[in-house]
Amino acid sequence: MSIRLLLVDDQALIRTGFRMILEETDDIDIVGEAPDGAEAVRLAAELSPDVTLMDVRMPGVDGIEATRRIMARDPAARVLILTTFDLDEYAFAALRAGASGFVLKDVPVDELARAIRAVAGGDAVVSPRITRRLLDVHATHLPGPPTAALDQLTPREQEVLRAVAAGLSNAEIAAQLVVSDATVKTHVGSILTKLNLRNRVQAVIFAYEIGLVR
């Protein structure tokens, strides 16, 4: 089954380039294109894509505000941010707004496709190095007393949370714990619900903030 992708960038040439590249894949189908954040929000509501590939720097409604609006309407939506350099503070702000990660615009096509597939599957695309930078520069206040919140998790869920914070995908966690991908996905969903977190990115930040991982 194809991943339905909404492509958002204010430069038509870049949209065309990404379309040409991604159309070579067998499992990614571009269902719409938007030249700005306002149109991205409208099309996300109309088309319900599996993933929105969102440029972060656009005139008018930028990728941060567009991500915020998309997530407010549908907390289960998945947004992957496009940026030109990996320590882009705009991209960090988009993560805080609910994006599932970001990739560089010059990323190799196979890596871009993997990132899209990962986000579509519920994973986050943020390396531990980027997570640490995010925490150092943009401390995020997350809900609930940390220790009390952590006590809500079972020992296995805490183990899964540590693995998520280490940057492991669902498949990698499943292999490490010798369980199925579906079991890991269930654990991750339970963790997010119990901790009142929006996505894996916030789960990673939570784990670092309370000292579960270093």
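The values are calculated or read from the model by the stated rules, or taken from the named source; none is laboratory data. These numbers were taken from a predicted model, which means no experiment stands behind them. In this analysis, Cβ positions are derived from the backbone assuming ideal geometry, glycine residues included, and neighbour counts consider all displayed protein chains.
What to note about this one:
- Subset of region 48-94 [surrounded by fewer than 18 Cβ atoms within 10 Å (Cβ to Cβ), part of a loop (DSSP other than H, G, I, E, B) and not hydrophobic (A, V, I, L, M, F, W, C)]: Ser48, Arg57, Pro59, Gly60, Asp74, Pro75, Thr84, Asp86, Asp88
- The conditions of being assigned by TED's automatic domain parsing to the domain that holds Ile30, modelled with pLDDT of 90 or more and not charged (D, E, K, R) are met by Leu112.
- Test: residue in region 78-101 that is within 21 Å of Pro35 (Cβ to Cβ), polar (S, T, N, Q) and within 12 Å of the chain's Cα centre (by Cα): no
- Residue satisfying condition, being among the hydrophobic types (A, V, I, L, M, F, W, C) and within 16 Å of Gly98 (Cβ to Cβ), within set Leu53, Leu47, Leu22: Leu53
- Look at (1) without any contact (Cβ under 8 Å) to a residue 40 or more places away in the chain; (2) more than 19 Å from Thr83 (Cα to Cα); (3) not charged (D, E, K, R) and you find that Leu47 fails only one, number (1).
- Residues in region 95-116 that are outside any helix (DSSP H, G or I) and closer than 14 Å to Asp50 by Cα: Ala99, Ser100.
- Annotation: of all residues in region 175-214 being outside any helix (DSSP H, G or I) and modelled with pLDDT of 90 or more, the one that is nearest to the chain's Cα centre (by Cα) is Ser180.
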